[in-house]
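Following: one structure in structure tokens, then a few remarks.
The values are calculated or read from the model by the stated rules, or taken from the named source; none is laboratory data. Please read these numbers as outputs of a predicted model, since none were measured by experiment. Because the Cβ atoms are built from the backbone with ideal geometry, glycine has one as well, and the counts that use them run over all protein chains shown. The protein model used for the area step is the full one, side chains on, heavy atoms only, and it has no ligands, DNA or RNA in it. Shrake-Rupley method; radii C 1.70, N 1.55, O 1.52, S 1.80 Å.
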Amino acid sequence: MTERLSTAALGSLPPEVARPTYDRTGIKVGIAHIGVGGFHRSHQAMYLDRLLEQGAARDWGICGIGLLDSDAHMRDALTAQDGLYTLVLKHPDGTRERRVIGSLVEYLHAPTDLEAVLERLADPAIRILTLTVTEGGYNVSRTHGSFDLTAPGVAADLAPGAAPRTVFGVVTAALARRRERGVPPFTVLSCDNLQGNGEVARTAFTTFASALDEELGSWMRESVRFPSSMVDRITPVTAEADIVENDDALGVHDAWPVIAEPFEQWVIEDDFPTGRPPWEQVGAQLVDDVEPYEHMKLRLLNSTHQAIAYLGYLAGHRYAHETMGDPRIVSLLRRYWTEEARPTLPPVPGVDLQEYTDTLEKRYGNEHVRDTLARLCADSSNRIPPWLVPVVRDRLAQDGPVHCCAAVIAAWARYAEGVDEQGEPITVVDALQDRVMAAARAQLPVEQGGTGDDLAFLRDRSLFGDLVDDDRFTTPYRQALSLLHARGATAVLDLLVPVPGRPPTAGTDAGQTPDPGPLDRPASDATGTSDATGTSDATGTQARQTAPPWPRTCGCSASAPPC
């Protein structure tokens with residue numbers, strides 16, 4: 001198929017394919033977006049396309065900006081198609097809903113033409129800058145939130161006379177031009193999965209700017225707004241099969257369609273002094289305080305994505321929907337939601353949390369989305385610390401259980417060893433790949449090349465803070481990790497959420513706490529004798545171990561769905 005999707009080809013598309021009926025030639029750019037990938041195109045760009053279809057927001061077209069060399073692929077795909085692409089929604093019943101999106105009207109590539117990017121961002125027409133640069137893209141500490149001025153890219157951008165390459169350098173340089181020219185600053189809207197993403201963005205950009213020029217940093221702190229937002233839509237990586245199927249449906253070639261589930265949500269803090277599109281007309285929620293919605297999404301959705309990712313992968317699954325066919329995993333999610341996550345949440349205006357989690361189960365089970373566990377397992381060091389660790393901290397402060405959280409983090413530690421339960425290699429994709437894999441392998445027995453320290457993974461305080469010092473967490477963590485090594489992920493699931501009618505785990509009697517071998521032995525005191533695991537903490541004394549916390553019956557509340 002040689003004909004490409006383009007403005008000229010819109011009229012020849014099949015009638016069931018929705019496409020812009022608005023005149024794109026008169027749209028003016030008002031939003032710049034850094035980090036154009038699948039999610040931006042399935043979410044923020046879609047909302048604006050809806051407004052344009054209504055005849056609104058014609059001065060709010062999007063200019064996409066790529067800062068990485070690899071972003072040239074997106075530039076080339078979009079430029080050849082007049083900025084058009086197909087959004088394909090995959091419904092649970094197998095229906096495909098296709099729409100060609102027309103809200104991206106320009107794309108600039110900084111490594112190719114930095115000056116064009118800076119001038120576009122300095123243009124008074126740009127009133128909003130949106131970001132999807134990933135959770136790790138803000139260069140802030142995972143435990144205390146400070147910006148790292150020593151990171152190589154940041155340090156290079158701070159060098160006298162350097163041409164900016166990072167998002168911090170480029171955005172700060174553009175704001176400096178606006179300040180010099182008397183142009184009001186644009187509003188910076190983070191659309192990444194971070195608690196308080198507006199404040200995280202403020203910290204990152206103003207700290208960088210202050211290091212470059214204290215007066216500029218002070219001006220940015222006083223003048224630039226950084227509202228928070230909560231974004232939600234499962235958007236898997238586009239597979240080659242998706243491209244072929246979409247081409248067959250369109251009759252023309254779309255080099256980079258985007259695949260997504262039907263569900264969508266966007267909650268935005270309404271703080272835009274230079275104006276904004278009327279997003280509320282097309283389904284977005286504009287609120288004074290995003291925090292309750294952020295807590296809800298990060299702790300109920302994002303954290304359980306991590307649960308199904310590691311335990312599911314180790315149990316032999318490769319897609320999210322496959323994990324939802326395992327009743328033990330479904331029960332684990334329900335127990336986590338009911339016992340550990342929901343008790344840490346403030347009230348969420350207009351949301352029934354039981355209905356919300358019921359919907360999550362259906363979303364995860366959509367087999368047509370085919371969301372890979374490999375995608376969910378990627379970049380864990382930028383996901384577990386801001387998503388799941390805060391649940392642990394809050395639950396411990398409430399003196400509540402953390403068994404599910406401990407099992408998920410233990411499963412990450414086991415996954416990061418780089419070998420699955422069949423002895424096959426795992427490709428660990430992480431910004432801190434070498435560090436997390438080294439820590440994971442250190443937890444192995446000496447005869448397997450490790451140090452025998454079963455808390456080695458938790459000792460990275462930049463990821464976990466002081467959790468390694470709290471027996472209430474390390475006890476269930478150690479038991480889960482030991483069982484993962486001895487019997488695998490399915491045994492951990494059996495212990496956490498035994499399924500009625502399923503034979504008990506080997507070595508147990510039905511209705512009793514399963515005996516995971518050495519985990520039931522009495523722990524030693526700090527006299528130097530061996531504890532149940534044969535490992536010591538950093539002081540050389542043995543960590544105290546309590547009785548196994550794994551119940552044989554479901555701990556869900558009476559109001560929760562039966563496990």
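Summary table below
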item	result
Loop-located trypsin sites (Lys or Arg not before Pro) in region 289-326, at most 15 other Cβ atoms within 10 Å (DSSP)	R318
Kirkwood Rh in Å, taken over region 394-476 so that all alpha-carbon pairs contribute	13.5
Helix runs (DSSP H) in the chain reaching 20 Å along axis by Cα, Kyte-Doolittle at least 0.0	167-181, 197-212
Cα convex hull volume per residue for region 383-439 (Å³)	81
Solution diffusion estimate, µm²/s, Stokes-Einstein, region 169-236, Kirkwood Rh from C-alpha pairs, 20 °C, viscosity 1.002 mPa s	170
Share of pairwise Cα separations in region 1-143, more than 24 Å, in percent	34
Cα-centred dipole magnitude for the chain, charges only on beta-carbon of K, R (+1) and D, E (-1), debye, nearest 20	300
Two-decimal ratio, region 343-382, of alpha-carbon radius of gyration to 2.2 N^0.38 Å	1.56
Carbon/sulfur fraction of accessible area - the chain, other protein chains in place, 1.4 Å, %	51
Cα convex hull of region 1-70, projected area averaged across orientations, nm²	6.1
Helix-derived mean residue ellipticity, 222 nm - over the chain, DSSP H n ≥ 4, -39500 (n - 2.57), to 500	-10500 deg cm²/dmol
Rg to Rh quotient for region 72-118, alpha carbon positions, Kirkwood Rh	1.17
Cα pair distances of region 271-415 binned at 10 Å [whole percent]	11, 39, 32, 14, 4, 0
Computed Kirkwood radius, in angstrom, where 1/r is averaged over Cα pairs of the chain	25.2
Estimated vicinal HN-Hα couplings, Hz - region 128-133 in sequence order (Karplus 6.51, -1.76, 1.60; Gly, Pro = x)	9, 10, 9, 10, 9, 10
